[in-house]
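The structure appears right after this line, and notes come after that.
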Amino acid sequence: QVQLVESGGGLVQPGGSLRLSCAASGFTFSRYAMSWYRQAPGKERGLVAVIISDGSTNYAESVKGRFTISRDNAKNTVYLQMNSLKPEDTAVYFCNAVGNRVAYWGQGTQVTVSS
């Protein structure tokens, strides 16, 4: 059974940091492209960052220089380090796995940036 379980969300002040984790199971993690998406209230879900199997990364323009995606294939886990957080980063963050013609989603974790 495939599972993607996000953790690490919460309430943080503007300028603060959070690290999200996504623990994967039920598929060959190392062969999948792993991504983080986010969805704010009333808005569409959008790509935040992606890391493919060879470690290459790509980021949305709005988070470049502030967020870092990484993966640990030994732990079947993908991370999103978020620094210099802004109120507009407030959203539910979702983990996504793509490969072998299938896509999987986690349940999401709430990130709220507010003073």
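The values are calculated or read from the model by the stated rules, or taken from the named source; none is laboratory data. Remember, it's a predicted structure, so these values are computed and weren't measured experimentally. Here the Cβ positions follow ideal geometry from the backbone for every residue, glycine too, while neighbour counts run over all protein chains shown. When the accessible area is computed, the model is the full protein with side chains, heavy atoms only, and any ligands, DNA or RNA have been set aside. Shrake-Rupley method; radii C 1.70, N 1.55, O 1.52, S 1.80 Å.
For region 47-109, what ratio Rg/Rh do Cα atoms give with a Kirkwood hydrodynamic radius? Don't skip to the end; give the middle numbers.
Values: Rg = 12.2 Å, Rh = 12.8 Å.
Here Rg/Rh amounts to 0.96.
Given R0 = 35 Å, the distance between the Cβ atoms of Q13 and S70 translates into a calculated FRET efficiency of 0.90. Aspartates and glutamates within cross-link reach of K43: Cα-Cα under 19 Å, excluding same-chain residues under 8 positions apart? Here the aspartates and glutamates satisfying the reach criterion relative to K43 are E61, E88, D89.
Averaged over all directions, how much area does the convex hull of the C-alpha atoms of the chain cover when projected, in nm²? Write down the numbers at each step before the final one.
Details: hull surface 27.2 nm².
With every direction weighted equally, the projected area is 6.8 nm².
Lys and Arg at +1, Asp and Glu at -1: add these up for the other residues within a Cβ distance under 14 Å of S114 and post the number. Intermediate results must be reported in sequence, preceding the final value.
On the way: positive: K86; negative: E88, D89.
Charge balance in the 14 Å sphere: -1.
Count the net charge of all other residues whose Cβ sits under 12 Å from the Cβ of A24, scoring Lys and Arg as +1 and Asp and Glu as -1.
Numbers: positive: R31, R71, K75; negative: E6, D72.
Its environment carries a net charge of +1.
Got the relative contact order for region 1-86 handy, in percent, Cα pairs under 8 Å and 6 or more residues apart? Let's see the in-between values first.
On the way: 156 pairs, mean separation 28.0, N = 86.
The value is 33 percent.
The lysines within cross-link reach of K64, meaning a Cα-to-Cα straight distance under 19 Å and a gap of 8 or more places when in the same chain, are K86.
With the whole protein complex present, K75 retains an accessible surface near 130 Å², based on a 1.4 Å probe.
How would you order 6-14, 54-62 from highest to lowest mean count of nearby Cβ atoms within 10 Å? Present the calculation step by step, with values, prior to reporting the outcome.
Working: 6-14: 15.0, 54-62: 11.2.
The peptides rank, most packed first, as 6-14, 54-62.
Kindly state, to the nearest 0.05, the FRET efficiency for V2 paired with D54, given R0 = 25 Å and r defined as their beta-carbon distance.
Details: r = 22 Å, r/R0 = 0.89.
Using R0 = 25 Å, I get an efficiency of 0.65.
Label sites at T28 and Q110, each approximated as a point 7 angstrom past Cα along Cα to Cβ, lie 3.9 nm apart.
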